[in-house]
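The block underneath contains the structure these notes are about, expressed in C-alpha cells.
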Amino acid sequence: MIPERVREDCALLQQRVHGKPLVYLDSAATSQKPRVVLEALARYYSEYNANVHRGIYAMAELATQRYEEARARVARFINAPRPEEVVFTRGTTEAINLVAYTWGRATLRPGDEILLTEMEHHSNMVPWQLLAAEKGVRLRFVPFDHHGQLVMEEFDRLLTEHTRLVAVTHQSNVLGTINPVGEIARRAHGVGALVLVDGAQSVPHMPVDVQALGCDFLAFSAHKMCGPTGAGALWARYELLQAMPPFHGGGEMIMLVTLEGATYKDPPHKFEAGTPNIADCIVWATAIDYLEGFGMAAIREHERQLLRYALGQLREVPGVRVLGPEDVEQRGSAIAFDLPGVHPHDVAQVLDQEGIAVRAGHHCAQPLHRRLGLAASTRASLYLYNTPGDIDALTRGLETVRRLFTPRTAARDR
C-alpha cells in the first residue's frame, strides 16, 4: 500500500510525459517530494522567514527553534547520540569535502594512507585525491569481484598500520552493492584507522544506525529522501568535531574576533559559517517524518520485493546485462545495466519517449565503469513510490529499444 499513497501525495508523479504516464526511475539521482514537504517549505517563507541564531524577536526565535529541532530530528533518524554531532551541509559532497579539508589537512602526514574502493562515487574519491596531492598521502583501492562485491581478502591486505582512514560507500550508486560497513569499521579500528561512510544511497532506503555501524563519519543528503535539494549533513563523533578546525570562516561560527585572530564556537556551529540553508534544513525534518510514517524497515522491504521482480523481468530481456549482485539481500534498488550495441544515451532517449525517466552516463563513477570495461551504463533506480507496473513499462520500453537498434535480432528473439 506504500506506493499508492505516496503517488497520491506526489503531484509530479501523476503527470504525463510525451503523452504517456510518467514512470520515474531516477531516484538515485534525486527523489520526488510529497505535498507535505512542499507545504512546509511554503509555510516557512510565508509564516516565519527570518535568519537563525541572531535575532531576538519572536519570528527569528521561532526560525532558530525549528532549525535546531530539525538538527535533532536528523540525529534521531540515524540514532546519533546527540544533535550537536550533526553538521548541516549542502549535501553529501560538501560533507565529505569538509572532512577532507579539516580533519585531513590537520591530521594526515606524508606516507599516511587512505583506503577507498573501486566503486566509489567521485564525491568520495576526488576530495581525497586533492588532499593526497597536497599532503603526500597515498590512496589505495579495494577492488570488487565479478559479482560486484568488495574483495575482503584484498581489504585485509591493504589495511595496514599506515592506514589512517577508510572511506567507503554504504551502497553503490551503480552496482547497488550494500557493503558490510559494520565489519569494515571493526577491522579498520583494529589498526587505528577511522571510517567515513558515504550514506547518500543507503540512508534514504533502509534503517541506518551510526552507533550500530560503528563508523566515525557519515555523509548523506536530503534531496534523495523526499527532502529539498541543497541540504545534507555530516554526522561525526563529537570528540572528532571538537578537534577539527573550522571549514569556512565567517559570521556566527566565532566566539570572539580581534584584529589578530578569532576563537570559535563549539560544534556544530563552528562548521556552519554565514547564513545556513534554513528553509531546506527545516523542511528536511518534515521529509523524515513522512518516511518514518511508513517505517524505514517497511520501505526497505517494499524495495526488496520490487527489486526481486525487476531483476527477474530484466533477465527476460535479451541482451540486457545487469551490473552488481543478483541477490537482493546484498544490494539496493539502483539497477544499472548494459545493452551491448546500444549507447546508454540512446536507451534513455527512447525510454523518455515512452514516458520513462532513467539515468544514462557514468553516474559520477568513471573508475568503476572503466573497471567493467564500459564507458557508461543505463540506470533505473527505485523508491517507495514505484510499483511492478513501472518495471513492466521499463521492460516494454527496452523491447522498443531493441527493435529500433537491433531489428533483426529482436525479430529473431520474439
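Whenever you get a sec, compute what percent of the accessible area on region 1-54 sits on carbon and sulfur atoms (1.4 Å probe). Of the solvent-accessible surface of region 1-54, carbon and sulfur hold 54 percent. Over the C-alpha atoms of the chain, the Rg to Rh ratio, Rh being the Kirkwood estimate, stands at 0.99. Kindly express, to the nearest 10 degrees and within the range 0 to 90, the angle between helix 35-47's C-alpha long axis and the longest C-alpha principal axis of the chain. Rounded to the nearest ten degrees, it is 30. Modelled spin-label separation between Tyr238 and Val151, with each label point placed 7 Å from Cα along the Cα-to-Cβ direction: 4.3 nm.
Peptide packing for 53-59, 152-158 was compared via the average number of neighbouring C-beta atoms within 10 Å per residue; ordered from the highest value, the list is 152-158, 53-59.
If you place +1 on the Cβ of every Lys and Arg and -1 on the Cβ of every Asp and Glu, how big does the dipole about the Cα centre of the chain come out, in debye to the nearest 20?
Working: 43 positive and 48 negative charges, 167 e Å.
Once rounded to the nearest 20, the dipole reads 800 debye.
Probe of 1.4 angstrom, ligands and nucleic acids ignored: what's the accessible area per residue over the chain, in square angstrom?
On the way: 17110 Å² over 414 residues.
I get 41 Å² per residue for this part.
Taking a ≥ b ≥ c as the square roots of the eigenvalues of the alpha carbon gyration tensor, region 148-191 is prolate, as a/c is not under 1.5 and a/b beats b/c.
Here the accessible area of region 56-156 is 53 percent carbon and sulfur, with a 1.4 angstrom probe and all protein chains present. Taking amide H positions as modeled 1.01 Å from N, with prolines and chain starts lacking one, the residues under 5 Å from Glu118 and 5 or more places away or on another chain are Val142, Phe144. Treating r as the C-beta distance of Lys265 and Ala58 and R0 as 25 Å, the FRET efficiency rounds to 0.55.
Protein heavy-atom surface of region 204-360, 1.4 angstrom probe: 50% of the accessible area is carbon and sulfur, with nucleic acids and ligands not counted.
In terms of the Cα gyration tensor, with a ≥ b ≥ c the square roots of its eigenvalues, is region 1-120 rounded because a/c is under 1.5, prolate because a/b exceeds b/c, or oblate? It would help to have the intermediate numbers written out before the result.
Numbers: a/c = 2.56, a/b = 1.21, b/c = 2.11.
Judged from the Cα gyration tensor, region 1-120 comes out oblate (a/c at least 1.5, b/c at or above a/b).
With the alpha-carbon atoms of region 207-333 aligned to their principal axes, the span from lowest to highest coordinate is 70, 29, 27 Å, starting with the largest.
Quickly rank 333-343, 256-266, 141-151 as a protection proxy: mean count of other C-beta atoms within 10 Å, highest first.
Working: 333-343: 20.5, 256-266: 9.8, 141-151: 16.8.
Per-residue Cβ counts within 10 Å, averaged per peptide and sorted highest first, yield 333-343, 141-151, 256-266.
Would you mind checking the tilt of helix 58-77 against the longest principal axis of the Cα atoms of the chain, expressed as 0 to 90 degrees and rounded to 10? Helix 58-77 sits roughly 60 degrees off the main axis of the chain. Full extension of the chain between Arg371 and Asn49 gives 111.1 nm of extra length, using 0.36 nm per residue less the Cα-Cα distance. Out of every Cα-Cα pair that region 319-414 contains, those further apart than 17 angstrom amount to 52 percent.
Estimate the FRET efficiency between Ala72 and His189 by the formula 1/(1 + (r/R0)^6), using the beta-carbon distance for r and 35 Å for R0, to the nearest 0.05. Walk me through the numbers on the way to the answer.
Working: r = 28 Å, r/R0 = 0.79.
That gives a FRET efficiency of 0.80.
Using the alpha-carbon atoms, what tilt in degrees (0 to 90, nearest 10) does helix 344-353 show relative to the longest principal axis of the chain? That works out to roughly 80 degrees. Computed 3J(HN,Hα) for region 146-153, one whole-Hz value per residue from the Karplus formula 6.51 cos²θ - 1.76 cosθ + 1.60 where θ = phi - 60°, is 6, 8, x, 10, 4, 8, 5, 5, glycine and proline marked x.
Model label points for Glu4 and Tyr309, set 7 angstrom from Cα along the Cα-to-Cβ axis, are 1.3 nm apart. Computed over the chain, the per-residue total of -39500 (n - 2.57) for DSSP H runs of n ≥ 4 gives a 222 nm mean residue ellipticity of -12000 deg cm²/dmol, rounded to 500.
Each peptide in 162-168, 34-40, 324-330 receives the mean, over its residues, of other Cβ atoms within 10 Å, and ordering these scores from highest gives 162-168, 34-40, 324-330.
3J(HN,Hα) couplings calculated from phi for region 281-295 with the Karplus curve 6.51 cos²θ - 1.76 cosθ + 1.60 (θ = phi - 60°) are, in sequence order, 5, 5, 5, 4, 4, 5, 5, 5, 4, 5, 4, 6, x, 8, x Hz; Gly and Pro show x.
Here Thr160 and Glu326 are evaluated by their C-beta separation; at R0 = 35 Å the FRET efficiency comes out at 0.60. Note on the chain: lysine pairs with Cα distance below 29 Å, sequence gap of 8 or more or different chains, count 6.
The values are calculated or read from the model by the stated rules, or taken from the named source; none is laboratory data. The structure displayed is predicted, hence computed values, not measured ones. Reconstructed Cβ throughout: ideal geometry from the backbone, glycine too, with neighbour counts over all protein chains shown. Remember, those area values only see protein heavy atoms, side chains included, never the ligands or the DNA or RNA. Shrake-Rupley method; radii C 1.70, N 1.55, O 1.52, S 1.80 Å.
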